[in-house]
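A.B. asks: This is the structure I have questions about; it appears just below.
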Amino acid sequence: MLLKTVEANRLVTVLGLDIGGANTKAVMLSTKTAEITRFRLSSTYFPIWKNSQSLPDILINLKKQLGEDPLDALGLTITAELSDVYQTKREGINNILSCVKTAFCDIPIFVLTTDAELLPIGMTEKNPLCVAAANWAATGWMMARYFNDAVIVDVGSTSTSIIPIINRHTAARGKTDLDKLICGELVYTGSLRTNVATIVHSIPTKNGVASVSSELFALSGDVHLVLENISETDYTSETADGRGKTLTEAYARLARTVCADTDMLAIQEITGIAKYIYEQQINQIATGLAKTYLYLKNNTPDRVPVIITGLGKNFLARKAAEKIGADTIVDLDTLLPKGVALATPATGVAWMVAAKLIGEVPSWISQ
């Protein structure tokens, strides 16, 4: 379907979707007189590898949670193509595009590319790899509305995106996940779903240093639950052992990483293990951030703020920014309505579609 530019004083409603491998997020924006007058967010834990064909129903339910407002257009960004339910990214993108068309067959659909462009869904079907893992481009576009030069650190449940902005444009050196891993713009560590064995290989405990089991015994969510960085409600993903999200169960999982249990290790000792893992996770993010931060400092004479967003913005992104000595740290919650930080790419792609629809970038009516 073709998108028709509409007058800026008409109420326009758009939907932004960020379809990840484990979490799918939806944002609905309404604009009038070039101002965003309403913002709504819904999110669901949906491990796509378990039942990818259920995605249309998931998307329809997310839309229903946001209300029955008629939509003028939809913006889409995708990272779920990396899931091992698909043999290739091309297969993943094509399957996800098909699911989105099934769920929203009667409105224009635009897909975000790694060049921060919105393409009609029909064009992306011919070149699916140009839209693979492009959600960072929506975040970069959005923050470039506020900053000339900056580095964004978006710590989600699974991974961390580090996005440079120079002269109000996204200046990413990597466009693919592989390139981003090489240059430090993608750090595969997150707030909930990271296997502890990928954060540390050994842990000081019992007056010695224990090697860590390579089994999937505990996740970063257990670490942050024990350290009170998150609540049980924040722990939206599955646990490593399929049990609950109480402190008792989290302690047991963390003890198991060094092949122990809660009979062998005291709570204080397990908490010490969690603190050590936490520090090493901060170091992982700081290492990637330092590469991008130095790149910006070498390319601009100005002070470079670090913008923090995502579920782990305060307990991981902020700590990493402090560790590298960032000039300024800006919490996204101080710029945009509460909730945007938990769905930054979905908000960004919705905002981009709204701008495309009305012919100018709408501003937020309230902060």
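The values are calculated or read from the model by the stated rules, or taken from the named source; none is laboratory data. The structure displayed is predicted, hence computed values, not measured ones. Cβ atoms come from the backbone with ideal geometry, glycine included; neighbour counts cover every protein chain shown. Only protein heavy atoms, including side chains, enter the accessible area calculation; ligands, DNA and RNA are left aside. Shrake-Rupley method; radii C 1.70, N 1.55, O 1.52, S 1.80 Å.
A.B. asks: If you take the residues of segment 296-346 that are acidic (Asp, Glu) and in contact with a helix residue (DSSP H, G or I) (Cβ under 8 Å, 6 or more places away or on another chain), which of them is nearest to Ile36 (Cα to Cα)?
C.D. replies: Asp333
A.B. asks: Return yes when Lys319 is at pLDDT 95 or above, open to solvent by 60 Å² or more (accessible area, probe 1.4 Å), of a type in the set (D, E, K, R) and closer than 24 Å to Glu279 by Cα and no when it is not.
C.D. replies: Yes: the conditions hold for Lys319.
A.B. asks: I would also like to ask the following. Residue by residue through segment 218-236, note down the ones that are under 20 Å from Val200 (Cβ atoms), touching a Phe, Trp or Tyr at 6+ places or on another chain (Cβ under 7 Å) and part of a loop (DSSP other than H, G, I, E, B).
C.D. replies: The answer is Leu227, Asn229.
A.B. asks: All but one of (1) open to solvent by 10 Å² or more (accessible area, probe 1.4 Å); (2) at negative phi; (3) free of Cβ contacts under 8 Å to residues at least 40 places away in the same chain; (4) of a type outside the set (Phe, Trp, Tyr) hold for Ala218, so report the exception by its number.
C.D. replies: Answer for Ala218: the failing condition is (1).
A.B. asks: Another question, then. With respect to Val155, is the statement that it is within 24 Å of the chain's Cα centre (by Cα), buried (at least 24 other Cβ atoms within 10 Å of the Cβ) and closer than 24 Å to Thr309 by Cα true?
C.D. replies: The answer is yes for Val155.
A.B. asks: Next up: Looking only at segment 271-285, count how many residues are hydrophobic (A, V, I, L, M, F, W, C) and more than 19 Å from the chain's Cα centre (by Cα).
C.D. replies: Qualifying residue count, segment 271-285: 3.
A.B. asks: May I pose another question? Would you point out which residue out of Thr5, Thr37 is at pLDDT below 95, part of a loop (DSSP other than H, G, I, E, B), open to solvent by 40 Å² or more (accessible area, probe 1.4 Å) and among the β-branched types (Val, Ile, Thr)?
C.D. replies: Thr5
A.B. asks: Can you tell me which residue in segment 176-200 is most open to solvent (accessible area, probe 1.4 Å), limited to those that are assigned to a loop (DSSP other than H, G, I, E, B) and under 24 Å from Glu238 (Cβ atoms)?
C.D. replies: Residue satisfying both the conditions and the ranking: Tyr188.
A.B. asks: Cβ contacts < 7 Å: first residue of a type in the set (A, V, I, L, M, F, W, C), restricted to segment 246-273; second residue open to solvent by 30 Å² or more (accessible area, probe 1.4 Å) and not in a loop (DSSP other than H, G, I, E, B), any location; separation 6+ or different chain. Result?
C.D. replies: Listed pairs, sorted by first residue: Ile267/Tyr251; Ile270/Tyr251.
A.B. asks: Which one of these is more than 30 Å from Lys206 (Cβ to Cβ) and open to solvent by 20 Å² or more (accessible area, probe 1.4 Å): Leu289, Leu332, Leu357, Leu311?
C.D. replies: Result: Leu311 is the single residue among Leu289, Leu332, Leu357, Leu311 that is more than 30 Å from Lys206 (Cβ to Cβ) and open to solvent by 20 Å² or more (accessible area, probe 1.4 Å).
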